[in-house]
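First the structure, in the form of structure tokens, and then the observations on it.
The values are calculated or read from the model by the stated rules, or taken from the named source; none is laboratory data. Source: prediction; values computed, not measured. As a convention, Cβ positions derive from the backbone with ideal geometry for all residues, glycine included, and neighbour counts pool all protein chains shown. The protein model used for the area step is the full one, side chains on, heavy atoms only, and it has no ligands, DNA or RNA in it. Shrake-Rupley method; radii C 1.70, N 1.55, O 1.52, S 1.80 Å.
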Amino acid sequence: MIKVTFVEANGKRIEAMAKAGDTLMQAAVGAGVAAIAAECGGACACGTCHCVLSEDWFSRVPAPASDEADMLDFVIDPQPTSRLSCQVVIGEDMQGIEVQVPDSQI
């Protein structure tokens with residue numbers, strides 16, 4: 001199991017355990033991270049699973065595909081290292097990743 005820590009806008013840290021092959025969105029929803037609304041269920045059709053990775057982690061995961069990049073144009077307060085958590089697949093090499101969660105998705 002891979003430990004993922006979600007850091008909410010208020011500083012609250014929520015730890016989740018995920019399997020390799022899960023997405024960050026699945027881990028967040030499973031851990032009860034309320035700020036990850038995931039309204040489209042992981043279809044890359046909305047921006048309600050927006051998260052922000054550190055520069056280090058952003059450079060270690062595959063770059064966003066064009067459909068994700070297009071959706072990121074519509075999230076609230078996008079950052080250079082913003083991602084849709086439904087599109088980030090957790091790998092064995094992601095043990096200990098920390099993910100920033102915006103205050104609001106809508």
Taking the alpha-carbon centroid of each part, what is the distance from region 85-106 to region 20-51 in angstrom?
-> 9 Å
Given the chain, longest segment not containing exposed loop trypsin sites (Lys or Arg not before Pro) (DSSP; at most 16 other Cβ within 10 Å) | 20-106
Long-range amide H partners of Glu39 with built H, under 5 Å = Thr48
Rounded to the nearest 10 Å², the accessible area of Thr5 using a 1.4 Å probe with every protein chain kept is 0 Å²
Averaging sequence separations of C-alpha pairs under 8 Å and six or more residues apart, then dividing by the length of the chain, give the relative contact order as a whole percent.
-> 40 percent
Karplus couplings for region 5-13 from phi (6.51 cos²θ - 1.76 cosθ + 1.60, θ = phi - 60°), rounded to Hz, Gly and Pro as x?
-> 10, 9, 10, 6, 4, 7, x, 5, 9
For region 2-62, size of Cβ-based charge dipole, Lys and Arg +1, Asp and Glu -1, in debye | 140 debye
Only one of the values [x] 44; [y] 59; [z] 68 was calculated from this structure for percent of Cα pairs over 17 Å apart; name its label.
-> [x]
In the neighborhood of Leu84, defined by Cβ-to-Cβ distances under 13 Å, what is the net charge if each Lys or Arg adds +1 and each Asp or Glu adds -1?
-> -4
Working out 0.36 nm times the residue gap between Ile76 and Ser54, then minus their Cα-Cα distance, what length gain in nm do you get to one decimal?
-> 6.1 nm
Go through region 41-47 residue by residue and turn each phi into a ³J(HN,Hα) via Karplus (6.51, -1.76, 1.60, θ = phi - 60°); whole Hz please, and just put x for glycine and proline.
-> x, x, 8, 6, 10, 8, x
Long-range HN-HN contacts of Val99 with modeled amide H, under 5 Å = Thr5, Phe6, Val7
Computed [θ] at 222 nm, deg cm²/dmol, the chain (DSSP H ≥ 4; -39,500 (n - 2.57); rounded to nearest 500) | -5000 deg cm²/dmol
In what order, largest first, do Phe74, Phe6, Phe58 sit by accessible area if the probe radius is 1.4 Å?
-> Phe74, Phe58, Phe6
With θ set to phi - 60°, apply the Karplus curve 6.51 cos²θ - 1.76 cosθ + 1.60 along region 95-104 and write out the HN-Hα couplings as whole Hz, x wherever there is a Gly or Pro.
-> 3, x, 4, 10, 10, 7, 10, x, 5, 8
Could you order Asp22, Asp56, Asp73 so the one with the most accessible surface comes first? Probe is 1.4 Å.
-> Asp73, Asp56, Asp22
